[in-house]
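First comes the structure, then the notes that go with it.
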Amino acid sequence: TSNPPFSGIDQMMTYNLILKGIEKMDFPRKITRRPEDLIRRLCRQNPTERLGNLKNGINDIKKHRWLNGFNWEGLKARSLPSPLQRELNGPIDHSYFDKYPPEKGMPPDELSGWDKDF
């Protein structure tokens, strides 16, 4: 979706959203019901309730409705074509990376003392 799953207007709001967990999160409208169900079941707060960590293990994930018809043998054999087909203008094309303004000034000195044990 091009956005982190938990994000608020400040760090405290983001922290509180994380604590509430995936069950309280509103998904963007472009994520339909089946992938939302898969994500919610994979990301349960309690690991013993997560899809893939239940009695049938990974088979529960493989049999999820959203993955119906997926070529698991092709994945295992590494013969599946990539679903992302990007047009590149050569080996150093970085047009798909985010752009950030250059940082100004010098970074602060390292004062934590972590390197004194070496």
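The values are calculated or read from the model by the stated rules, or taken from the named source; none is laboratory data. As the structure is a computational prediction, the values presented were derived from the model and not from experiment. Ideal geometry is used to build each Cβ from the backbone, glycine not excepted, and the neighbour counts take in all protein chains shown. Ligands, DNA and RNA are stripped out before the accessible areas are found, and what is left, the full protein with its side chains, is counted by its heavy atoms. Shrake-Rupley method; radii C 1.70, N 1.55, O 1.52, S 1.80 Å.
What are the residue pairs meeting all of these: first residue in the stretch 24-41, first residue within 11 Å of T1 (Cβ to Cβ), second residue exposed (fewer than 10 other Cβ atoms within 10 Å of the Cβ), Cβ atoms under 9 Å, and 6 or more apart or on different chains?
Pairs that qualify, where the first residue is within 11 Å of T1 (Cβ to Cβ) and the partner is exposed (fewer than 10 other Cβ atoms within 10 Å of the Cβ), are F27/T1; P28/T1; P28/N3; K30/T1; I31/T1.
Would you check if I18 is open to solvent by 80 Å² or more (accessible area, probe 1.4 Å), under 30 Å from K76 (Cα atoms) and either out of contact with any helix residue (DSSP H, G or I) (no Cβ under 6 Å at 6 or more places or on another chain) or at pLDDT 90 or above (or both)?
Answer is no for this residue.
Tally the residues that are open to solvent by 60 Å² or more (accessible area, probe 1.4 Å) and either over 26 Å from F6 (Cβ atoms) or over 20 Å from the mean Cα position of the chain (by Cα) (or both), restricting the search to the stretch 42-57.
Residues meeting the conditions: 4.
Being of a type in the set (K, R) and open to solvent by 90 Å² or more (accessible area, probe 1.4 Å) is true for just one of K24, K62. Which residue is that?
Selected residue: K24, the only one of K24, K62 that is of a type in the set (K, R) and open to solvent by 90 Å² or more (accessible area, probe 1.4 Å).
Of the residues N3, N68, only one is on the phi < 0 side of the Ramachandran plot, touching a residue at least 24 places away in the same chain (Cβ under 8 Å) and exposed (fewer than 12 other Cβ atoms within 10 Å of the Cβ); which?
Unique residue meeting the criteria: N3.
Out of all the residues in the stretch 53-99, which are part of a loop (DSSP other than H, G, I, E, B) and basic (K, R)?
Matches in the stretch 53-99: K55, K63, R78, R86, K99.
For the stretch 90-101, name all the residues that are within 22 Å of S2 (Cα to Cα) and not acidic (D, E).
Within the stretch 90-101, H94, S95, Y96, F97, K99, Y100, P101 meet the criteria.
Only one residue in G8, G105 is touching a helix residue (DSSP H, G or I) at 6+ places or on another chain (Cβ under 6 Å) and open to solvent by less than 80 Å² (accessible area, probe 1.4 Å). Which one?
On inspection, the qualifying residue turns out to be G8.
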